[in-house]
């Protein structure tokens, strides 16, 4: 895993800090509305869209996203079996 991935990685990991200590990195996501880094375990709000979970720094960003999710996901919707008419 690269240096940047370790700093902002998308998974929890344990890294030795020497002297028997271990640091646990928190799993984070980018708030699609404001761009803030959000800890997914303690995110104040989240939404599901197109089969993906989006995490938000506050209820206001979630409300903005929910009103027009395509604006923040590049208009991408994921096709699901039995559903037609979704954008790809």
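The values are calculated or read from the model by the stated rules, or taken from the named source; none is laboratory data. Worth saying up front: this structure is predicted, and the values here are computed from it rather than measured. Quick reminder, even Gly has a Cβ in these numbers, built from the backbone with ideal geometry, and neighbours come from all protein chains shown.
Only residues in the stretch 36-53 that are touching a residue at least 12 places away in the same chain (Cβ under 8 Å) and at negative phi count as the first member; pair them with residues that are in a strand (DSSP E or B) and loosely packed, with under 14 Cβ neighbours inside 10 Å, Cβ under 6 angstrom, at least 6 apart or cross-chain, and list the lot.
Close Cβ pairs satisfying both conditions: 46/53.
Looking only at the stretch 23-43, which residues are assigned to a loop (DSSP other than H, G, I, E, B) and more than 16 Å from residue 59 (Cα to Cα)?
25, 26, 27
Quick check, is residue 67 exposed (fewer than 11 other Cβ atoms within 10 Å of the Cβ) and at pLDDT 95 or above?
yes
Just checking, how many residues over the stretch 47-73 are within 23 Å of residue 26 (Cβ to Cβ) and out of contact with any helix residue (DSSP H, G or I) (no Cβ under 7 Å at 6 or more places or on another chain)?
Result for the stretch 47-73: 10.
Can you find a residue in the stretch 5-16 that is more than 29 Å from residue 75 (Cα to Cα), surrounded by 12 or more Cβ atoms within 10 Å (Cβ to Cβ) and modelled with pLDDT of 65 or more?
Checking the stretch 5-16: not a single residue is more than 29 Å from residue 75 (Cα to Cα), surrounded by 12 or more Cβ atoms within 10 Å (Cβ to Cβ) and modelled with pLDDT of 65 or more.
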